[in-house]
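Peer 1: The structure is given below, and queries will be raised subsequently.
The values are calculated or read from the model by the stated rules, or taken from the named source; none is laboratory data. Since the model is a prediction, treat every value here as computed from it, not as a measurement. So basically every Cβ, Gly included, is an ideal-geometry build from the backbone, and we count neighbours across all protein chains shown. Accessible surface is based on the protein model in full, side chains and every heavy atom, while ligands, DNA and RNA are left aside. Shrake-Rupley method; radii C 1.70, N 1.55, O 1.52, S 1.80 Å.
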Number of protein chains: 4
Amino acid sequence: MDKLKELADFVTSQPGYTSAVGTEVVHVAKGEVHLRLARRPDLLQFHGFFHGGVVAGLADHAAGAAASLLMPPGKIAVTVELKINFMAPASGPWILARAEVLQSGATISVVKVEVFTEVDGAERRCAFCTATMRAVDAPFQRAKAP
Amino acid sequence: MDKLKELADFVTSQPGYTSAVGTEVVHVAKGEVHLRLARRPDLLQFHGFFHGGVVAGLADHAAGAAASLLMPPGKIAVTVELKINFMAPASGPWILARAEVLQSGATISVVKVEVFTEVDGAERRCAFCTATMRAVDAPFQRAKAP
Amino acid sequence: MDKLKELADFVTSQPGYTSAVGTEVVHVAKGEVHLRLARRPDLLQFHGFFHGGVVAGLADHAAGAAASLLMPPGKIAVTVELKINFMAPASGPWILARAEVLQSGATISVVKVEVFTEVDGAERRCAFCTATMRAVDAPFQRAKAP
Amino acid sequence: MDKLKELADFVTSQPGYTSAVGTEVVHVAKGEVHLRLARRPDLLQFHGFFHGGVVAGLADHAAGAAASLLMPPGKIAVTVELKINFMAPASGPWILARAEVLQSGATISVVKVEVFTEVDGAERRCAFCTATMRAVDAPFQRAKAP
């Protein structure tokens, strides 16, 4: 489990979008990854809620991490397609994406992601997402080479 | 038409995610909005392509703008759900989202968005998206009040 | 609860597609409807599995019934959009769709539907669906008039 | 092209759902398949429109045929996931699904399907669908063996 968390942390902290927005890995288990993002002015839309693209991006990364961790070493999941319903304003101080792999196959994985925010001190689901992933070669060995 | 472009520019330049990432309105017509985003290190995933959340976010904003411009004054579109297929790496120096309203109803609008990037000097479609929107009251009058 | 079951039975047994394919209401509760369909040669595709359209149709009807039962009298849910992942062959002697309402709003409802079949005597999930519904006036008063 | 039409006709006329509902192949070209279905009482929902499952089933089959015809001999497309927006009542004497392959890859194909019906003598789009397909071995050699 420690190794899974380490791998998720490593992917998430790579230079790029996920680290730039401040994605935090809060839970990793077999087929499960939970990611959190704190509120920041540059992540919001015009009503002051987390932007749909930011919510979708967190769900996407959670889905990818959860699916990747069930794949053989050297493989990583990329997103074939993602579908997300926005059910309530993502108006709280953070959003939390909970990804759970529904199917992990040789070619295709399917992941469910529920996104929550905090309203009046309680967790509220603000989005529901399914993502279809496929395995590709992981780029990290090359990326780390000097 | 000038008024439509002005409105799309106004919404897009509001403080928040869309302006922070550098979204540029490149075309506005009845039921159509095209938005462009230039490559920036903090918008990429680990392969060096635009992150799926960034692609989805641009598609989402293009869909919202296109649907909003067909709504009565004082109304703005929010996203009920969004579905996006990632078909090729968004590997170029920019991505361009072309939204086209398929249906504009009193309650529900449906928008198709195709996202393109540049590969070897030519445009290539990298994502295909549909979004379902609904009308809510626009928050801008309040936002602009002193 | 009996009244909910009665209503779901009534809608399902109306002349048309759902009764023609043999849809059976097996469970009804607040925000939940389970429907079953028995294998029949005219419901299969070329591998001998339930056809995707039949699986989607059962999921659609289950979603509609579950959402409708939370609506005010005289209203019924129609499907705005439906998204379904086919995860395993629907190869058993029946399929069972379990719908659960995730969000029930004045305008929009969101329903999750999982579809199961029987493989080697055990239940296996073969599809995962989300559906977005909206309320319209129910046509049944007219339909029942002599 | 004749050979493509022949293959689409063959798959569509196999015993099972697509032939039972009366699916008719009306156009086949590279990456395109159009299928028509005539109105029949057992294909309708309670408002007297084509049932969502029937619309989705026609779209699904059109997507599968269009994708399959671009695959190597012996391969056939199965549906990974399908997403469909119902935009207007499918109230006419027939529905027509026009599938167009957007991407045809070694692993994954993406197909757009628009479904039309006839209203007041004119064609009207009633549904918009995207489907993600993957290649599997075709079962027809076995099916044809005596």
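Peer 1: Residues that are of a type in the set (Phe, Trp, Tyr), more than 23 Å from residue B:132 (Cβ to Cβ), over 13 Å from the mean Cα position of the chain (by Cα) and outside any helix (DSSP H, G or I): does the stretch A:94-103 have at least one? Please lay out each step first, then the result.
Peer 2: Filtering the stretch A:94-103 down to residues of a type in the set (Phe, Trp, Tyr) leaves A:94.
From what is left, the residues that are more than 23 Å from residue B:132 (Cβ to Cβ) are A:94.
Going one step further and asking which of them are over 13 Å from the mean Cα position of the chain (by Cα), we end up with A:94.
Narrowing further to those that are outside any helix (DSSP H, G or I): A:94.
So far as the stretch A:94-103 goes, yes, one or more of its residues are of a type in the set (Phe, Trp, Tyr), more than 23 Å from residue B:132 (Cβ to Cβ), over 13 Å from the mean Cα position of the chain (by Cα) and outside any helix (DSSP H, G or I).
Peer 1: Does the stretch D:28-48 hold any residues that are closer than 23 Å to residue D:119 by Cβ and either among the aliphatic types (A, V, I, L, M) or open to solvent by 60 Å² or more (accessible area, probe 1.4 Å) (or both), and which are they? If you could, list the steps in order and put the result at the bottom.
Peer 2: Step one: filter the stretch D:28-48 for residues closer than 23 Å to residue D:119 by Cβ, giving D:34-48.
Matches in the stretch D:28-48: D:35, D:36, D:37, D:38, D:39, D:40, D:41, D:43, D:44.
Peer 1: Could you tell me how many of the residues in the stretch B:4-26 are free of Cβ contacts under 8 Å to residues at least 40 places away in the same chain and either of a type in the set (Lys, Arg) or open to solvent by 30 Å² or more (accessible area, probe 1.4 Å) (or both)?
Peer 2: If we filter the stretch B:4-26 for residues that are free of Cβ contacts under 8 Å to residues at least 40 places away in the same chain, which is where we start, we get B:5-6, B:9, B:13, B:15-16, B:19-24.
Restricting the remaining residues to those that are either of a type in the set (Lys, Arg) or open to solvent by 30 Å² or more (accessible area, probe 1.4 Å) (or both) gives B:5-6, B:9, B:13, B:15, B:19-20, B:22, B:24.
Final tally of qualifying residues: 9.
Peer 1: Just one of the numbered conditions (1) open to solvent by 20 Å² or more (accessible area, probe 1.4 Å); (2) of a type outside the set (Gly, Ala, Ser); (3) at the interface with chain B (Cβ under 8 Å from one of its Cβ atoms) is not true of residue A:82; which one?
Peer 2: Just one mismatch for residue A:82, condition (1).
Peer 1: Next up: Return yes when residue A:18 is under 16 Å from residue B:47 (Cβ atoms), in a helix (DSSP H, G or I) and at pLDDT 95 or above and no when it is not. Walk me through it before giving the result.
Peer 2: Working: under 16 Å from residue B:47 (Cβ atoms): yes; in a helix (DSSP H, G or I): yes; at pLDDT 95 or above: yes.
So residue A:18 passes the test.
Peer 1: Of (1) free of Cβ contacts under 8 Å to residues at least 40 places away in the same chain; (2) crowded, with 23+ Cβ neighbours inside 10 Å, residue C:56 satisfies all except one. Which?
Peer 2: Residue C:56 satisfies all of (1) free of Cβ contacts under 8 Å to residues at least 40 places away in the same chain; (2) crowded, with 23+ Cβ neighbours inside 10 Å except (1).
Peer 1: I would also like to ask the following. Within the stretch D:63-73, track down each residue that is away from every other protein chain (no Cβ under 14 Å) and open to solvent by less than 50 Å² (accessible area, probe 1.4 Å). Steps first, please.
Peer 2: Here is the first cut: in the stretch D:63-73, the residues away from every other protein chain (no Cβ under 14 Å) are D:66, D:69-73.
Result: D:66, D:69, D:71.
Peer 1: Count, please, the residues in the stretch C:112-125 that happen to be facing chain A (nearest Cβ under 10 Å) and touching a Gly at 6+ places or on another chain (Cβ under 9 Å). Break it down stepwise before answering.
Peer 2: The first filter runs over the stretch C:112-125 and keeps only residues facing chain A (nearest Cβ under 10 Å), leaving C:112, C:114, C:125.
Narrowing further to those that are touching a Gly at 6+ places or on another chain (Cβ under 9 Å): none.
Count: 0.
Peer 1: Right, here's the next one. For the stretch C:106-146: of the residues being of a type in the set (Lys, Arg) and modelled with pLDDT under 95, which is farthest from residue C:81 (Cα to Cα)?
Peer 2: Within the stretch C:106-146, the subset of a type in the set (Lys, Arg) is C:112, C:124-125, C:134, C:142, C:144.
The next check asks that each one be modelled with pLDDT under 95; those that pass are C:142, C:144.
Details: C:142: 26, C:144: 28 Å.
Among them, the one singled out is C:144.
Peer 1: Something else now. Can you tell me which residue in the stretch D:99-117 is farthest from residue C:51 (Cα to Cα), limited to those that are crowded, with 20+ Cβ neighbours inside 10 Å and in contact (Cβ under 8 Å) with a residue 40 or more places away in the chain?
Peer 2: D:117
Peer 1: Further question: For the stretch C:36-44, state whether one or more residues are within 23 Å of residue D:40 (Cβ to Cβ) and among the small types (Gly, Ala, Ser).
Peer 2: Filtering the stretch C:36-44 down to residues within 23 Å of residue D:40 (Cβ to Cβ) leaves C:37-44.
Of the ones still in play, those that are also among the small types (Gly, Ala, Ser) are C:38.
Yes; the residues of the stretch C:36-44 include at least one that is within 23 Å of residue D:40 (Cβ to Cβ) and among the small types (Gly, Ala, Ser).
Peer 1: Related question: Only one of (1) charged (D, E, K, R); (2) touching a residue at least 40 places away in the same chain (Cβ under 8 Å); (3) in a helix (DSSP H, G or I) is not met by residue B:36, so which one is it?
Peer 2: Single failed check for residue B:36: (3).
Peer 1: Limited to the stretch C:39-53, what total is found for residues that are farther than 14 Å from residue C:128 by Cα and either part of a helix (DSSP H, G or I) or free of Cβ contacts under 8 Å to residues at least 12 places away in the same chain (or both)?
Peer 2: To start, the set of residues in the stretch C:39-53 that are farther than 14 Å from residue C:128 by Cα comprises C:39-51.
With either part of a helix (DSSP H, G or I) or free of Cβ contacts under 8 Å to residues at least 12 places away in the same chain (or both) added as a condition, the list becomes C:41-46, C:51.
The qualifying residues number 7.
Peer 1: Ok, one more. Within the stretch A:118-138, which residues are open to solvent by 40 Å² or more (accessible area, probe 1.4 Å) and under 22 Å from residue B:131 (Cβ atoms)?
Peer 2: Across the stretch A:118-138, the qualifying residue is only A:125.
Peer 1: Here's a follow-up. Give D:73, D:89 a once-over and let me know the one that is free of Cβ contacts under 8 Å to residues at least 60 places away in the same chain and either more than 28 Å from residue B:133 (Cα to Cα) or assigned to a helix (DSSP H, G or I) (or both). Lay out the reasoning, then the answer.
Peer 2: Details: D:89 fails: either more than 28 Å from residue B:133 (Cα to Cα) or assigned to a helix (DSSP H, G or I) (or both).
Exactly one of D:73, D:89 is free of Cβ contacts under 8 Å to residues at least 60 places away in the same chain and either more than 28 Å from residue B:133 (Cα to Cα) or assigned to a helix (DSSP H, G or I) (or both), namely D:73.
Peer 1: Same structure again: Which residue, of B:95, B:76, is more than 9 Å from chain A (Cβ to nearest Cβ) and either over 20 Å from residue A:77 (Cα atoms) or touching a Gly at 6+ places or on another chain (Cβ under 9 Å) (or both)?
Peer 2: Numbers: B:76 fails: more than 9 Å from chain A (Cβ to nearest Cβ).
Testing whether each residue is more than 9 Å from chain A (Cβ to nearest Cβ) and either over 20 Å from residue A:77 (Cα atoms) or touching a Gly at 6+ places or on another chain (Cβ under 9 Å) (or both) leaves just B:95.
Peer 1: Do we have residue A:60 as within 12 Å of residue A:98 (Cα to Cα) and facing chain B (nearest Cβ under 8 Å) here?
Peer 2: Considered against the rule, which asks whether it is within 12 Å of residue A:98 (Cα to Cα) and facing chain B (nearest Cβ under 8 Å), residue A:60 comes out as yes.
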